[in-house]
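Undergrad: Dumping the structure here so I can ask a few things about it.
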Amino acid sequence: QVQLVESGGGLGQAGGSLRLSCEASGSIFSINAMGWYRQAPGKQRELVARISSGGSTNYVDSVKGRFTISRDNAKNTVHLLMNSLKPEDTAVYYCNVFGRQSALRSWNDYWGQGIQVTVSS
């Protein structure tokens, strides 16, 4: 069983910063990509940022230049540093890991439970 534990959300102010972290634990054998998605009320879940096993990153246009994704492979952890926050960043943020539980198992998407980020104007 794989668990993803998210931390660091909460209330931020417009123009301020928040940092999200997500640690994968349990029977995780190998991790490929790691990322963050978000879902605002009444909207579809969208990819915010993603980082490959080699460190390549991609971001949704609305956060480029403001958010930075990073990972610590030794700790199976991914972080999202969110600067210059805007009220439209308000959403539930979900950690995503593409990994597998053994060399013989298939690759799967694993999800965290979600963490609320609220940005006040």
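Undergrad: By how many nm would the segment from SER17 to ARG66 lengthen if fully extended, with 0.36 nm per residue of separation less the alpha-carbon distance?
TA: 16.7 nm
Undergrad: Treating only the Cβ atoms of Lys and Arg (+1) and Asp and Glu (-1) as charged, compute the dipole magnitude of region 40-83 about its Cα centre; round to the nearest 20 debye.
TA: Dipole about the Cα centre, nearest 20: 60 debye.
Undergrad: Moving on. List the lysines whose Cα lies under 24 Å from the Cα of LYS43, skipping any in the same chain that are fewer than 8 positions away.
TA: Of all the lysines, those that pass the test against LYS43 - Cα under 24 Å, at least 8 places apart if same chain - are LYS64, LYS86.
Undergrad: Right, next: Over the chain, with every protein chain in place, what whole percent of the accessible area is carbon and sulfur at 1.4 Å, could you tell me?
TA: 46 percent
Undergrad: In region 69-106, whose amide N lies under 15 Å from the spot 7 Å out along Cα-to-Cβ of SER25? List them in ranges.
TA: 75-78
Undergrad: Name the residue farthest towards the positive end of the dipole of the chain from the options LEU80, ASN32, TYR93, assuming +1 on Cβ of Lys and Arg, -1 on Cβ of Asp and Glu, about the Cα centre.
TA: Sorting the options by dipole projection puts first ASN32.
Undergrad: Suppose every K and R has +1 on its Cβ and every D and E has -1 on its Cβ; what is the size of the dipole of region 57-118 about the Cα centre, in Debye to the nearest 20?
TA: It works out to roughly 220 debye.
Undergrad: Which of the trypsin sites (Lys or Arg not before Pro) found in region 14-121 are loop residues per DSSP with 16 or fewer other Cβ atoms within 10 Å of their Cβ?
TA: Sparse-neighbourhood loop trypsin sites (Lys or Arg not before Pro): LYS43, ARG45, LYS64, ARG66, ARG105.
Undergrad: Charges only on Cβ, +1 for Lys and Arg, -1 for Asp and Glu: so what's the dipole of the chain about the Cα centre, in debye to the nearest 20?
TA: 140 debye
The values are calculated or read from the model by the stated rules, or taken from the named source; none is laboratory data. Predicted model, so just to flag it, every value in this text is computed and none were measured. All Cβ positions, glycine included, derive from the backbone under ideal geometry; neighbour counts span all protein chains shown. Quick note on the areas: whole protein, heavy atoms, side chains included, nothing else; ligands and nucleic acids left out. Shrake-Rupley method; radii C 1.70, N 1.55, O 1.52, S 1.80 Å.
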